[in-house]
Every structure is written in C-alpha cells, then in structure tokens.
Amino acid sequence: MSNISIVVRRSSDQLRQRLERKSAFLKKLPFRYSWSDCGGAGKMLEFIPDRSADSASRETLVKTLASVLTGFITADLPAHLLRDLLRFHYFYFGREERREILSRARRRFEGGALYRRPGFYRSSIERYLRANLCGSPVHLNIEGFYNFRMYSLQRELRQALDDAVDVLVAEREYREFMRLLKYFLHLQQPKIELIHLSVDLQGRLQIMDRCFKRIDPLEWEELRAADFDELSDYEDIFVSMLVSLAPRRIMLHRSVISRYPRVTKSLRSIFESRLITCKNCAYCHRGEIHLVGDDSERRPGTP
C-alpha cells in the first residue's frame, strides 16, 4: 500500500484546521499522517499506511481527503488565486480599487453555480487520488493540480474577477458622469422656477410645471423614444435633460422615489438643495400619481 503526499504552498494553516476537524474520524483509519516543511515549495502533508491498511480503508481515506481538499480549494485558496489573476491582468488599478475588486470577485465566485456544486470538484480530486490506488506513491501538488486540471474553476474565478472589474469601472464612469452634470448645472442660470417630477400611468417619468401641466422633454430635446434602449440609458438621459432645463427647484414626488431609486439618488447628488421631496402632498394624496409596480416588459420611453 503506497503513501499519499499532498503539497500546499499557501494557506497551509487553513488546510491543517480542516484536517483537525476530521481528526477523530481519521484516527480510526489505518493511516498515520504528518506535516513537513518543503522550504519555498510550502508544506507537505503525508499519509503513511499501517500494515492493516487495505483497499477499503484506502478508498475511505481518498473520499475523506477529496472532501477536505475540495473545501480548501474552493473556500481558502480563491483569495490567493484571485489576487494572482488581478496582479497579472489588472495590475494598473490602485490599492483601494484592488481591494474592492477582490472583495466583489470573491462574493461573485461564491454565488456561482460551480461553487454551489462541490461534488463537481470533489470527483475530479477523487479520480486523481485513485489513479495509483495500488501502484506507486500518490503525490498531489494542490496549486499544480489547480493550474493543469481544474480549468472550470479557473474560468469561474476569471469570470468573477472580470465581472467585478466591469462593475467597478461602470461605477467610476457613473460617478464621473454625475460630477460633470453637477458642474454643468452650476454653470447655468435657472431657466424655470419649479418643476414637478412624478410617474405616469405607464410607469414612465414625467415632468410637470408649477401648475401640474405636463412638459414633454422630447419637445425641447432632440431625442426620440427609440433612443431609450436600456433602462439605465433612459434614466441617465432623463437626468441629463433635467440638468439642461436647469430648474431652480425640483419637487420629487413619492412615486419616483419608489419606482426609480437610481434617478432619485442621481438627482440628490446633482441638484442637492434644489431638490424638494414630496411629503405625501395633496396632489399625490388625490391619487393622480400612479405607481406601476410590475411593468418590467415595457420599455422606458414607450407608451
């Protein structure tokens, strides 16, 4: 019966802790295990069979190790693996941005389909450990195994990292967009004293003057309803149009706050003290402002 040795370069303490949680069970198996230092290569965990060890006990050990190593690779190693990928592909980000990217990527990876199916990885490790079940000693370098055999895990980690970067870049561009709109607003003289912003029967944003007469923004902006391809585009363009109108005050009615939280956040950031929040005014109370709660199939800007 041959030995099983496992080399781990990083997070060896976490692997040791995972083994300790299984120590009561492992002591019942006819295998002795010990740790040794491999210098720059990390730590080596070795399982040595007793004379009483047979194929059944070896199979039990393989299944136990596969379970422990799966948890270690998918829960403890990703922090290091994601950092490696970030350093190689996105080295140009600053320290704070890298920290934020890693945090988001870890959350995205843990929400992925393969992370929720540990058996997918466990079976791969079991097959490798069984390869020499009755032959020469089995040697498993965990990070080498990840690099050359766990392609699905590599894809999951890279996708999680790319998604996190995309979100960070989009948020940075959005903040810059808001900053420019705010700057542009401060350069303009107010063109109208007061406008009311609410939601119409179709769930679209609508602008009204101080007498609650509807203003069609498409009449004073060269835009068509077809230009609103995405919800985010619709909201950003609408906010831009409000900035170009440069009202001295905006009354934000409650239907907008519920239906369009992103618009509400943008308006508060740009208009600041110019924005007035409706406190269940008489107009809203009469029920003339309707909130459409489930209208996901309707494209913004269309009837």
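Full extension of the chain segment joining PHE148 with ALA24 gains 41.4 nm, where the gain is 0.36 nm per residue of separation less the Cα-Cα distance.
Would the stretch 141-214 count as rounded, prolate or oblate if I go by the C-alpha gyration tensor, calling it rounded below 1.5 in a/c and otherwise prolate when a/b exceeds b/c, oblate otherwise? In terms of gyration-tensor shape, oblate.
In this structure, ASP84 and ARG249 have a Cβ-Cβ separation that, at R0 = 41 Å, corresponds to a calculated FRET efficiency of about 0.20.
Relative contact order of the chain, taken over Cα pairs closer than 8 Å and 6 or more residues apart, is 17 percent.
Computed from Cα atoms, the angle from the helix 78-89 axis to the main principal axis of the chain rounds to 60 degrees. Here the calculated FRET efficiency for ARG117 and LYS279, from their Cβ-Cβ distance with R0 = 45 Å, stands at 0.35, rounded to the nearest 0.05.
Can you compute the helix-only [θ] at 222 nm over the chain? Use -39500 (n - 2.57) per DSSP H run of at least 4 residues, normalise by all residues, nearest 500 deg cm²/dmol.
Helix-only estimate at 222 nm: -16000 deg cm²/dmol.
Computed from point charges on the beta carbon alone (+1 for Lys and Arg, -1 for Asp and Glu), the dipole magnitude for the chain about its Cα centre is near 1280 Debye. Extension gain for the segment ALA56 to GLN159, taken as residue separation times 0.36 nm less the Cα-Cα distance, is 33.1 nm to one decimal. The loop-placed trypsin sites (Lys or Arg not before Pro) in the stretch 68-172, going by DSSP, that have at most 10 neighbouring Cβ atoms within 10 Å of their Cβ come out as ARG116.
Counting lysine pairs in the chain that sit 8 or more residues apart in sequence, or on different chains, and whose Cα atoms lie under 26 Å apart gives 16.
Laboratory data are not the source of any read-out in this text; all were calculated from the coordinates shown. No experiment lies behind these values; they were computed from the predicted model shown. Using ideal geometry, Cβ is built from the backbone for each residue, glycine included, and neighbour counts are taken over all protein chains shown.
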